[in-house]
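Peer 1: Let me give you the structure first, and then I'll get to my questions.
Each value in this text was obtained by applying a stated rule to the coordinates, not by laboratory testing. The model shown is predicted, which means the values in this text are computed figures rather than measured ones. Cβ coordinates were reconstructed from backbone atoms using ideal geometry, including for glycine residues, and neighbour counts include every protein chain displayed.
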Amino acid sequence: MARYVSSAGKIDHTPSSAVAVGQMVAIGTGMVGIADRPIAANTLGALCVDGVFACDKATTAGTALTAGTQVYLNTSTGKVTSSANSGGQSPTTYPPLGVVVADAADGAAEVMVLLGR
C-alpha cells in the first residue's frame, strides 16, 4: 500500500553545510537534487529533483555528451560526467543525475540534463 505525499518536483533537505543556488547536492549515492534558492546549514530547505537544468561539465577533450546519455555527478569536481564511478582500485560511486537532453561538445561548459531519469 502507498499513500500520496507530494509531487516529485522537490524534496525536503537539511544540509550540514550551506547550499548555494544552483548547487548540485548528492543525496547518498542514489540521487542528486539542485537548489533553486539558498539553504542555510542545518536548516530545512528543498531541492529540485525534476526538470531540465543547465549543469556544469568538464571542457577537456573526451568530455562531449550526447542526448540520451545517462549522466552522474562527479562528487569530487561538482561536474557532470558519463562515468558512474571514479575508476581505479577502490572507485567512488557517483550518484545518478539524469539524462542529457541536448548534445554538448567537448568545449561546452554546460550540458542540459533532465533530472531524475
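Peer 1: Restricting things to alpha carbons, find the Rg to Rh ratio for the chain using the Kirkwood radius for Rh.
Peer 2: Values: Rg = 14.6 Å, Rh = 14.8 Å.
Using only Cα positions, Rg/Rh for the chain is 0.99.
Peer 1: Return the long-range amide H neighbours of GLU110 (sequence gap of 5 or more, or a different chain), with a cut-off of under 5 Å between placed amide H atoms.
Peer 2: Here the answer is LYS57, since their amide H atoms fall under 5 Å of that of GLU110.
Peer 1: Let me ask something additional. Between THR59 and LEU44, what is the label-point separation in nm under the 7 Å Cα-to-beta-carbon projection?
Peer 2: Roughly 4.1 nm, to one decimal.
Peer 1: Charges only on Cβ, +1 for Lys and Arg, -1 for Asp and Glu: so what's the dipole of the chain about the Cα centre, in debye to the nearest 20?
Peer 2: The calculated dipole for the chain is roughly 260 debye.
Peer 1: Take every Cα pair under 8 Å in the chain that's 6+ residues apart, average their separations, divide by the length, and report that relative contact order as a whole percent.
Peer 2: For the chain, the relative contact order is 26 percent.
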